[in-house]
Amino acid sequence: MNADQARTILELEGIHLSFGRKEILRGVDLKVREGEVVVLIGASGSGKTSLLRCINLLNTPRSGRIAINSEPIFEAGPTDNGISKVAPTEVNRIRAKTGMVFQQFNLFPHMTILENIMEGPVIVKRETPSEVETRARALLDQMGLADHASKKPAQLSGGQQQRVAIARALAMRPTLMLFDEPTSALDPELVGEVLKAMVELARSGMTMVVVTHELGFAFEIANRIVFLDGGVVVADGSPQQLLLHPDHPRLKGFVNRFHETADMLRPFLEAK
């Protein structure tokens with residue numbers, strides 16, 4: 001199945017978001033198809049993280065429509081003042097289809113790594129503990145952390161904790177994974193192990209929306225890159241198009257530092 005035939009997993013229409021009198025998002029439209037990896041880039045304050053947090057309503061838009069698997073999770077007109085027409089029970093059910101990995105790991109410090117991963121499926125979804133444990137151990141193995149199940153978060157490095165956070169999100173069996181600059185809180189030598197886990201997840205077919213400042217990583221992992229500036233989408237296209245051949249003035253300025261290492265990345269381009 002090619003990208004054009006894949007079903008739409010996420011649809012954002014006319015998303016407006018304000019914090020007080022400050023308008024953060026000004027009518028953003030975005031569609032993400034099944035199996036796509038869409039990377040959001042932009043300068044600080046461009047609205048990329050705010051947009052990501054709107055997807056599962058950690059930020060509540062002022063108006064617009066958000067649908068996951070064709071089911072609206074938020075729908076409000078310009079005069080509704082952010083009051084959605086979607087019932088709260090429906091919001092909670094649909095929101096459970098998303099998994100989110102934050103800049104900080106947010107693991108429960110008093111629980112073991114295995115308990116952290118099992119908590120959501122057992123407590124929130126009321127799944128059978130024995131079945132959840134089997135899945136959790138498989139996820140730890142997938143993340144290269146099988147030997148750390150009985151440890152507490154403080155006993156792990158930052159990169160290991162972030163991989164636990166990814167496993168914890170995957171344990172809920174989401175349709176869509178959201179990543180908010182997952183390597184920004186890590187020491188440079190730990191970034192690679194988290195990016196490797198995300199690349200493997202993308203290759204498995206998981207639908208992902210990622211906010212990152214790692215442009216080389218975005219080039220390698222993304223099917224599409226979306227560049228936000230001033231709360232609007234100003235460019236949306238392939239990594240090759242946007243990062244190697246940008247035609248928007250603001251995008252050109254933003255990717256200048258990427259072009260300094262473009263020669264190193266040309267083998268990836270030729271291989272795609």
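The values are calculated or read from the model by the stated rules, or taken from the named source; none is laboratory data. Small disclaimer: the values here were computed from a predicted structure and weren't measured. No Cβ is skipped: glycine too gets one built from the backbone with ideal geometry, and neighbour counts run over all protein chains shown.
Per-residue answers, yes or no, for (1) over 23 Å from the mean Cα position of the chain (by Cα); (2) surrounded by fewer than 17 Cβ atoms within 10 Å (Cβ to Cβ); (3) in the same structural domain as residue 169 (by TED's automatic domain parsing); (4) farther than 30 Å from residue 150 by Cβ:
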site	(1), (2), (3), (4)
49	no, no, no, yes
68	no, no, no, yes
74	no, no, no, yes
87	yes, yes, no, yes
119	no, no, yes, no
125	no, yes, yes, no
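Could you tell me whether segment 92-103 includes any residue that is among the aliphatic types (A, V, I, L, M), touching a Phe, Trp or Tyr at 6+ places or on another chain (Cβ under 8 Å) and either buried (at least 19 other Cβ atoms within 10 Å of the Cβ) or assigned by TED's automatic domain parsing to the domain that holds residue 182 (or both)? Within segment 92-103, one or more residues are among the aliphatic types (A, V, I, L, M), touching a Phe, Trp or Tyr at 6+ places or on another chain (Cβ under 8 Å) and either buried (at least 19 other Cβ atoms within 10 Å of the Cβ) or assigned by TED's automatic domain parsing to the domain that holds residue 182 (or both). Sort out which residues of segment 127-150 are over 25 Å from residue 207 (Cα atoms) and surrounded by fewer than 17 Cβ atoms within 10 Å (Cβ to Cβ), and write them in order of number. Once the filter is applied, which keeps residues that are over 25 Å from residue 207 (Cα atoms) and surrounded by fewer than 17 Cβ atoms within 10 Å (Cβ to Cβ), segment 127-150 yields 128, 129, 130, 147, 150. For first residues located in segment 94-109 and in contact (Cβ under 8 Å) with a residue 60 or more places away in the chain, partners that are among the hydroxyl-bearing types (Ser, Thr, Tyr) and assigned to a loop (DSSP other than H, G, I, E, B) and lie 6+ apart or on another chain with Cβ distances below 8 Å form the pairs 97/175; 98/175; 103/184. Looking across segment 237-251, the residues that are part of a helix (DSSP H, G or I) and within 24 Å of the chain's Cα centre (by Cα) come down to 239, 240, 241, 242, 243, 244, 250, 251. Scanning segment 12-55 for residues that are of a type in the set (D, E, K, R) and farther than 22 Å from residue 79 by Cβ yields 31, 33, 34, 36, 48, 53. Regarding residue 236, is this residue touching a Phe, Trp or Tyr at 6+ places or on another chain (Cβ under 7 Å) and either more than 23 Å from residue 15 (Cβ to Cβ) or among the charged types (D, E, K, R) (or both)? In short, no. List the residue pairs whose Cβ atoms are under 7 Å apart, where the first residue sits in segment 191-206 and is within 13 Å of residue 38 (Cα to Cα), the second is in a helix (DSSP H, G or I) and among the β-branched types (Val, Ile, Thr), and the two are 6 or more positions apart or on different chains. From segment 191-206, the pairs are 198/221; 199/221; 202/221.
Considering each of 232, 211 in turn, give the residue that is in contact (Cβ under 8 Å) with a residue 60 or more places away in the chain, among the β-branched types (Val, Ile, Thr) and more than 13 Å from residue 38 (Cα to Cα). Only one candidate passes the filter, namely 232.
Looking only at segment 191-200, residues that are farther than 12 Å from residue 165 by Cβ and crowded, with 18+ Cβ neighbours inside 10 Å come to 3 in all.
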